[in-house]
1. Could you list, in sequence order, all residues of region 171-207 that are part of a helix (DSSP H, G or I), farther than 17 Å from Ser53 by Cβ and of a type in the set (Gly, Ala, Ser)?
2. Which one is most open to solvent (accessible area, probe 1.4 Å), of the residues in region 126-185 that are of a type in the set (Phe, Trp, Tyr) and under 26 Å from Leu114 (Cα atoms)?
3. Given Gln57, Gln24, Gln47, which one is open to solvent by 70 Å² or more (accessible area, probe 1.4 Å), assigned to a helix (DSSP H, G or I) and closer than 18 Å to Ser137 by Cα?
4. I'm told Tyr37 meets every condition in (1) of a type in the set (Ser, Thr, Tyr); (2) open to solvent by 30 Å² or more (accessible area, probe 1.4 Å); (3) at pLDDT below 85; (4) within 17 Å of the chain's Cα centre (by Cα) except one. Can you identify the failing condition by its number?
5. Could you figure out which of (1) more than 20 Å from Ile27 (Cα to Cα); (2) small (Gly, Ala, Ser); (3) touching a residue at least 12 places away in the same chain (Cβ under 8 Å) isn't true of Ser188?
6. Assess whether Val70 counts as being farther than 17 Å from Gly210 by Cα, within 18 Å of the chain's Cα centre (by Cα) and touching a residue at least 12 places away in the same chain (Cβ under 8 Å).
7. Out of (1) free of Cβ contacts under 8 Å to residues at least 24 places away in the same chain; (2) over 20 Å from the mean Cα position of the chain (by Cα); (3) assigned to a helix (DSSP H, G or I); (4) closer than 27 Å to Ala107 by Cα, the odd one out for Ala129 is which?
Amino acid sequence: MKKQKNKVLKEGFMQAVLSLMFSQVLIKLLGLIYNLYLTNKDGFGDQGNAIYSGSYQIYALLLTLSSIGVPNAISKLVAERTAKGDHKGAIRIFKVALATFALIGLAGTLLLFLGADFIATHLLNIPEAKYTLVTLSPAVFFVAISSVMRGYFNGRQNLKVTARSQTLEQIFKTTLTIIIVEIVAIISNTSTIWMAGGATLATTLATFVGFGYLYLFYQTRRREV
């Protein structure tokens, strides 16, 4: 009976790993699609790519400061508590980490939002990037708390949740980027600055969708835990 249970657990874990690998491949492919779209979009051009890429460098830096290594660290701590049958301890670790990184993520969001003009003008030397930084700012918060939730689910050997949330986020990012940029192009008469802002707005909305999926999954399963 024990051997059979271990076999089921092993098979379930392998399926989860394969699901995660497949999601990463799909994410890369979707990322390629929206990058090619922006590169070849009429009116976007070199200026649009400069605004978009410059803003993403600052965004990536803040994400590194607010969430690097978080999923792995939370996963390890939660797995250790769960292995000992201390489920309350695992939940406690999750809640403390969530509160901590929610504050860190919020600080990153406020820094990017309030400092958008200064960062665009003096650090990037691209004043037009102000609007893309503003629209990207909420994403820092959502990514920070999502990284904690993914770490928690990974620690409970539920890798499929992470795979699904990441895939869902990338699908929305690619789809919304194309839709929003096309709408903005029509409304603004192909304004490069506003199209770049629309592209980063799509990223923020997609991170919210990824977080929303994780939150809803946690809420539906918390009683089981």
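1. Ala185, Ala206
2. Applying the first criterion (of a type in the set (Phe, Trp, Tyr)) to region 126-185 yields 131, 141-142, 152-153, 172.
Checking the rest, the ones that are also under 26 Å from Leu114 (Cα atoms) come to 131, 141-142.
On the way: Tyr131: 102, Phe141: 57, Phe142: 37 Å².
It comes out as Tyr131.
3. Gln57
4. Of the numbered conditions (1) of a type in the set (Ser, Thr, Tyr); (2) open to solvent by 30 Å² or more (accessible area, probe 1.4 Å); (3) at pLDDT below 85; (4) within 17 Å of the chain's Cα centre (by Cα), the odd one out for Tyr37 is (4).
5. Unmet condition: (3).
6. Spelling it out, it is not the case that Val70 is farther than 17 Å from Gly210 by Cα, within 18 Å of the chain's Cα centre (by Cα) and touching a residue at least 12 places away in the same chain (Cβ under 8 Å).
7. (1)
The values are calculated or read from the model by the stated rules, or taken from the named source; none is laboratory data. Because the structure is predicted, anything quoted here is derived from the model rather than measured. So basically every Cβ, Gly included, is an ideal-geometry build from the backbone, and we count neighbours across all protein chains shown. Side chains are part of the model used for accessible areas, which takes the heavy atoms of the whole protein and leaves out ligands, DNA and RNA. Shrake-Rupley method; radii C 1.70, N 1.55, O 1.52, S 1.80 Å.
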